[in-house]
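Below: the structure, in structure tokens.
The values are calculated or read from the model by the stated rules, or taken from the named source; none is laboratory data. Fair warning: this is a prediction, and the values are worked out from it, not measured in the lab. Reconstructed Cβ throughout: ideal geometry from the backbone, glycine too, with neighbour counts over all protein chains shown. The protein model used for the area step is the full one, side chains on, heavy atoms only, and it has no ligands, DNA or RNA in it. Shrake-Rupley method; radii C 1.70, N 1.55, O 1.52, S 1.80 Å.
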Amino acid sequence: MKKILFVISLLLFATNIALAVPISVKKLKVVTTSPYAASIVRDICGNKIVTKNIFFNSSPSQVLLPWYQESYEVDAKTVKDISKSNVVLYHSWQPWIKNLKYRISKFGIVYHELRINGNLMVPETNLQLAKEITSLFSIWNGDNKDFYEKNFSDYNKKVNTIVEEIKENIEKFKGTKVVCSKNITPFMKRLGFDIIAEYKEAEYITTEEMQILKKKIKENKVKYIADSLQAGTDIGRALSEELKMKHIVISSIPLANSYVKTLEKNCETIFSQLADDTDGN
């Protein structure tokens, strides 16, 4: 029996095909490599598994988000966390994890590359990832399949309720001109805004790029500038003060490990600001 389990583990390790996890494990230990995957796994799987997000942000305003990076120097603590897990869920834009699994060289760990690409702030993309994760755990942990599928159904309803609210607001504010941090551009476009320009984090933007950005704002008479809390708010704050713009700050990661609550809060922050201006006029 031990030889059979060893062979299965070897095949999974080599091919990265998500077929099974050793059934002798009472509660799966799952490592996620992004706040979004962590949030979804928590909502879908609940207390049926043990989860660990190796890029957990203790502070919502943390600027550095290494889970976005294509290359990352993994520290000893991360290696230890992963070596104790049964499953590692990572994204296609994190190729460094593939090298890490050979560094750990421990059989019995399933490394699964999540196939859904795109900005996970966007509701439709997030739901695609939630569906993929639900399918995976329904296979890996079949005894709890009904539990996972019910949680996905609830998750889907909650997100789509907010999507319906977004549709109503799009009718009111569609085409409103905005400049924003590139981290949140796909999300802002999904909300129906006309993105005149986007910008990088403050430490990467040049003086020339700032001048071009100011010129576009003035030429297009842009009233709103939107920042990602985690990517930094310095540019938005400075330009809003200099050019008399409204400064909007939203989160580009799930706060309190909840995508649903963060999506709701982000939409409320954005649309209430626009509604206040409309009422003022």
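Would you confirm whether or not the stretch 55-72 contains a residue that is at pLDDT below 85, among the aliphatic types (A, V, I, L, M) and open to solvent by less than 30 Å² (accessible area, probe 1.4 Å)? Checked against the condition, which is being at pLDDT below 85, among the aliphatic types (A, V, I, L, M) and open to solvent by less than 30 Å² (accessible area, probe 1.4 Å), the stretch 55-72 yields at least one hit. If you go through the stretch 233-253 and keep only what is surrounded by fewer than 18 Cβ atoms within 10 Å (Cβ to Cβ) and small (Gly, Ala, Ser), you end up with just ALA238.
Within the stretch 109-162, the set of residues being in a loop (DSSP other than H, G, I, E, B), of a type in the set (Val, Ile, Thr) and either open to solvent by 50 Å² or more (accessible area, probe 1.4 Å) or farther than 22 Å from ILE97 by Cβ (or both) comprises VAL122 only. Filtered by the rule that a residue be more than 22 Å from LEU136 (Cα to Cα) and in contact (Cβ under 8 Å) with a residue 24 or more places away in the chain, the stretch 101-116 gives ARG103, ILE104.
As a summary of the residue check, ILE225 satisfies the conditions (1) open to solvent by less than 30 Å² (accessible area, probe 1.4 Å); (2) part of a helix (DSSP H, G or I); (3) of a type in the set (Val, Ile, Thr) except for the one numbered (2). So ILE166 passes all but one of these: (1) open to solvent by 60 Å² or more (accessible area, probe 1.4 Å); (2) in a helix (DSSP H, G or I). Which condition number does it fail? Condition (1) is where ILE166 drops out. Scanning the stretch 223-281 for residues that are under 23 Å from ALA197 (Cβ atoms), charged (D, E, K, R) and without any contact (Cβ under 8 Å) to a residue 40 or more places away in the chain returns ASP234, ARG237, GLU241, GLU242, LYS244, LYS246.
Among the criteria (1) buried (at least 18 other Cβ atoms within 10 Å of the Cβ); (2) modelled with pLDDT of 90 or more, the one LEU100 does not fulfil is (2).
Residues in the stretch 171-199 that are touching a Ser or Thr at 6+ places or on another chain (Cβ under 7 Å), at pLDDT 95 or above and crowded, with 16+ Cβ neighbours inside 10 Å: 6 in all.
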